[in-house]
Amino acid sequence: MRNRTTTPYVLVLPAWIWLALFFVVPIGGMLSLSLTTGNVVTGFQQTFEVGNYVNAVGTYWEQILRSLFYGGCATLVCIVVGYPMAYWIAFRAGPHKSTYLLLILLPFFVSFVLRTISWRFLLADNGVVLGTLKSVGMLPADAQVLNSAPAVVLGLAYNFLPFMVLPIYAVLERMDPRLVEAAHDLYAGRVQAFVRVILPVSLPGVFAGVLMTFIPTSADYVNASVLGGTHNTMIGNVIQTQYLVNNNYPIAASITFVLMGLLLVGIFSYARALGTERVMEVHT
């Protein structure tokens, strides 16, 4: 009897140890560091300096808002592009589903940085896309996409698109096709069947996809560095500079926690607006 009681705790113990060592401890260390004062020469002293957070928000509020905006736009693009892809693979791909899923995941076999740099060649002023459109007269000769907000958003959406497609596909693929047949038997057209049956069933996948896309895109710094130029700096670039260049660890840590707090507020607000319990009830 005692073994039955303790076995679940023993099985979950490695996961708890992993989370404690590589999540709780680092987060606690960063929280403590964000409240210190000093520098790398004289050292950092724990003074519980809350002003670090005030300075971080007051100095970098523009980059914070820009990061959330770019992350939100990239997430929206992923939904618009990824939902039809997931829908088609789930209902129309037939026996070739695994092949199409592999094609979606295939770019992940290449380095994240290399994938982002490849977009510089695609979006270059005289590159494959813009150069061709300029040569046929569809764009003016001075048209430019690189070093702009659209370039950053496109790069983010491209790099994180699979994180939107896979959760939606996983939900749609398990959907009972008889539900759609029943909707048609009740004289529902294709649009009504999608809106009233398929979309509600797929909401848990959309919910998971938004979480898996919005959080990393808002904190990303590679796409802004490679595609955005100096006028489209995201908060991830600021954190990297403060940590690795300026060695201003307290400010870097405080910016990190400000971003984390804003993301948590956004996630909980999104969950509350969507009605997480209602979504899961629909799914089950």
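Structure summary
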read-out: Residue that is most open to solvent (accessible area, probe 1.4 Å) [pool: residues in segment 82-91 that are touching a helix residue (DSSP H, G or I) at 6+ places or on another chain (Cβ under 9 Å) and not hydrophobic (A, V, I, L, M, F, W, C)]; value: Tyr87
read-out: Selection within segment 50-81 - open to solvent by less than 70 Å² (accessible area, probe 1.4 Å) and over 13 Å from the mean Cα position of the chain (by Cα); value: Gly51, Asn52, Tyr53, Ala56, Val57, Gly58, Tyr60, Gln63, Ile64, Arg66, Val81
read-out: Check on Ile104, of a type in the set (Val, Ile, Thr), open to solvent by less than 90 Å² (accessible area, probe 1.4 Å) and under 20 Å from Phe214 (Cα atoms); value: yes
read-out: Unmet criterion (only one of (1) outside any strand (DSSP E or B); (2) open to solvent by less than 70 Å² (accessible area, probe 1.4 Å)) for Thr37; value: (1)
read-out: Test for Ile79: is it part of a helix (DSSP H, G or I), within 18 Å of Met212 (Cβ to Cβ) and at pLDDT 95 or above; value: yes
read-out: Ser218 vs. criteria under 23 Å from Gly72 (Cα atoms), out of contact with any Phe, Trp or Tyr (no Cβ under 6 Å at 6 or more places or on another chain) and surrounded by 21 or more Cβ atoms within 10 Å (Cβ to Cβ); value: yes
read-out: Matching residues in segment 228-284 - criterion: being at pLDDT below 90 and outside any helix (DSSP H, G or I); value: Gly229, Gly275, Thr284
read-out: Thr42 exposed (fewer than 12 other Cβ atoms within 10 Å of the Cβ), hydroxyl-bearing (Ser, Thr, Tyr) and modelled with pLDDT under 95; value: yes
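The values are calculated or read from the model by the stated rules, or taken from the named source; none is laboratory data. Just so you know, these numbers come straight off a predicted model, no measurement behind them. All Cβ positions, even for glycine, are placed from backbone atoms using ideal geometry, and neighbour counts span all protein chains on display. The protein model used for the area step is the full one, side chains on, heavy atoms only, and it has no ligands, DNA or RNA in it. Shrake-Rupley method; radii C 1.70, N 1.55, O 1.52, S 1.80 Å.
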